[in-house]
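The values are calculated or read from the model by the stated rules, or taken from the named source; none is laboratory data. The model shown is predicted, which means the values in this text are computed figures rather than measured ones. Note that we place each Cβ from the backbone using ideal geometry, even for glycine, and neighbour counts take in every protein chain shown.
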Amino acid sequence: MKWACLILCLTYILVQTFQWWVFSKAPVENDPATLFLFDAEPASVMRSWLMLLSMFGLLYFHFAISYQNYQTSPVACTIAFTSFFTFFLLEVVLRAIELFYIQIELPREYLQNTLADKEGILSIVSQFGKIQSAVYFPLGISWMVGSFLIGFIFPSSPKFNYLIKIAFWFNGTRIALRCGTVYLSINLFPDDLYGTLYLPMAFIVFGLSAVWLLMSIRKS
């Protein structure tokens, strides 16, 4: 399981890097139609496919991590995995709707319909963005709770366990700061800074997790 989780962590880093590359190619102009059609291009669709499939890998990774200390902290481990599973379900639903409806189905209709219909389609896309933002609140809170629990229940011995503890504490703190900014209007983690640091933060969380997994495998 640890070998599988190690491969999944490294794969997820690669997927996040590809996503960052795709986003870097997005149109600079803030035109809804241009951005909508960019999301329908093959690279954007591939990005969404990879991110959707990655959620199943993350579920397996979080399952393995959650139950590492089940014998000593069964309740906390179960709550942690339940939180991760809630995050997984919400994320998969949102990403499936985004991929199959927003990025594949609606662009086909958009390119075949009249101007009035096109405006209606762009309105649907805008409404989905608002719904997506709202759903990301329980999604983020679930991931945050699970992350903090894992950080706390992992023992401090052996010393390399601090790698996984720091990774999950960092992830929980990142989400908490972002939720405070987006949903409580407390400017803790502004959009520009978050966008700039998003990929490095993924490297920190899953890079530290990968190193911990490798050290754990070598010790055993």
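Candidates 64, 33, 26, 40: the one that is touching a residue at least 60 places away in the same chain (Cβ under 8 Å), outside any helix (DSSP H, G or I) and surrounded by fewer than 19 Cβ atoms within 10 Å (Cβ to Cβ) is 40.
Checked against (1) touching a residue at least 12 places away in the same chain (Cβ under 8 Å); (2) assigned to a helix (DSSP H, G or I); (3) surrounded by fewer than 17 Cβ atoms within 10 Å (Cβ to Cβ), residue 72 meets all criteria but (2). Screening 118, 159, 130 for residues that are crowded, with 16+ Cβ neighbours inside 10 Å and either touching a Phe, Trp or Tyr at 6+ places or on another chain (Cβ under 8 Å) or without any contact (Cβ under 8 Å) to a residue 12 or more places away in the chain (or both) leaves exactly one candidate, 118. Evaluate the following for residue 142: is it in contact with a Gly (Cβ under 6 Å, 6 or more places away or on another chain), closer than 25 Å to residue 212 by Cβ and among the polar types (S, T, N, Q)? When the stated conditions are applied, residue 142 does not pass them. Within the set 110, 101, the sole residue that is touching a helix residue (DSSP H, G or I) at 6+ places or on another chain (Cβ under 9 Å), among the aromatic types (Phe, Trp, Tyr), at pLDDT below 95 and in a helix (DSSP H, G or I) turns out to be 110. Only residues that are of a type in the set (Phe, Trp, Tyr), in contact with a Lys or Arg (Cβ under 8 Å, 6 or more places away or on another chain) and under 19 Å from residue 95 (Cβ atoms) were counted across the stretch 124-155, and they come to 0.
Provide a single number: the residues in the stretch 142-156 that are touching a residue at least 60 places away in the same chain (Cβ under 8 Å), in a helix (DSSP H, G or I) and not aliphatic (A, V, I, L, M). Count: 3. Put simply, of 193, 177, 139, 213 the only residue that is under 21 Å from the mean Cα position of the chain (by Cα) and touching a residue at least 60 places away in the same chain (Cβ under 8 Å) is 213. Each residue in the stretch 164-213 was checked for being farther than 16 Å from residue 66 by Cα, in a helix (DSSP H, G or I) and among the small types (Gly, Ala, Ser), and 5 of them qualify.
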